[in-house]
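Inspection log for the structure reproduced underneath, given as C-alpha cells.
The values are calculated or read from the model by the stated rules, or taken from the named source; none is laboratory data. Note that the structure is a prediction, hence the values are computed from the model and not measured. For neighbour counting, all protein chains shown are included, and Cβ atoms are generated from backbone atoms with ideal geometry for every residue, glycine included. Calculation scope for accessible area: heavy atoms of the full protein, side chains included, ligands and nucleic acids excluded. Shrake-Rupley method; radii C 1.70, N 1.55, O 1.52, S 1.80 Å.
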Amino acid sequence: QLGEKLLSILKICQTMNSERDLEALLDLIAREATRLMEADRASIFLLDREKNEMWSKVALGSEEIIRLDAGSGIAGTVSTTGQTINVEDAHQDRRFYAGIDAHTGYRTRSLLAVPLRNFAGQIFGAFEVLNKKVGAFSHEDEEILKALAAHAAIAIETAQMIKELKNHRD
C-alpha cells in the first residue's frame, strides 16, 4: 500500500514538473491529490500578501475563484502558523470557515491541510484535501500530503515565475 503510494507520488511529481501553465497545474495537483488521498476534493489556497487574502481557483467540481481573508479558516491558520491541521469533523472546529460550504452547497466533513512553502521556505499557501472516502485522514495521510505539497510548491512557484516573465515580456 505505502509502496504503491510512493510510486504514485513519483509519477505525480513527474507530471507536475512538466506542466508550466499555472491554472492547468493547480487543476492537475488537486485532481491527483484527490485520487491519491482517497478524498472527495482538494483545494489549493494561495496567499496574496498585497491584498491580505487567500484565493483558490481549485475546488474540484467548482470553477469559481474563492477569496477569503488571509487569516481566516483552516487554510488561513495553516498559512500563518505553518502547522499541519487534521480534523475529523470540520464543523466542530472553531478555525473552520463555514462560509465556503454555505456559498458552494458543499458539506465538508473531514479535512487535512498542510502549508505550501517556496524555495526560501516562506509559506505562500495551503493545500487541503476534503472528506476522506473511508474514515478519517491518518498520520500516514499527513506525511503523504506533506511530501506531495513540497513538490507541488516547487512546481507552482516555477509556473508563477514563468507566468510573470511572460506577462513582463508581453
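Counting only strands (runs of 3 or more DSSP E) that sit completely within the range 1-101, those holding 3 or more residues that are buried (at least 17 other Cβ atoms within 10 Å of the Cβ) and modelled with pLDDT of 90 or more correspond to 39-48, 85-87.
Please tell me if residue 159 is open to solvent by less than 40 Å² (accessible area, probe 1.4 Å), in contact with a Lys or Arg (Cβ under 8 Å, 6 or more places away or on another chain) and either in contact (Cβ under 8 Å) with a residue 24 or more places away in the chain or farther than 25 Å from residue 19 by Cβ (or both). Criteria met by residue 159. Of the candidates 135, 121, the single residue that is open to solvent by 50 Å² or more (accessible area, probe 1.4 Å) and part of a loop (DSSP other than H, G, I, E, B) is 135.
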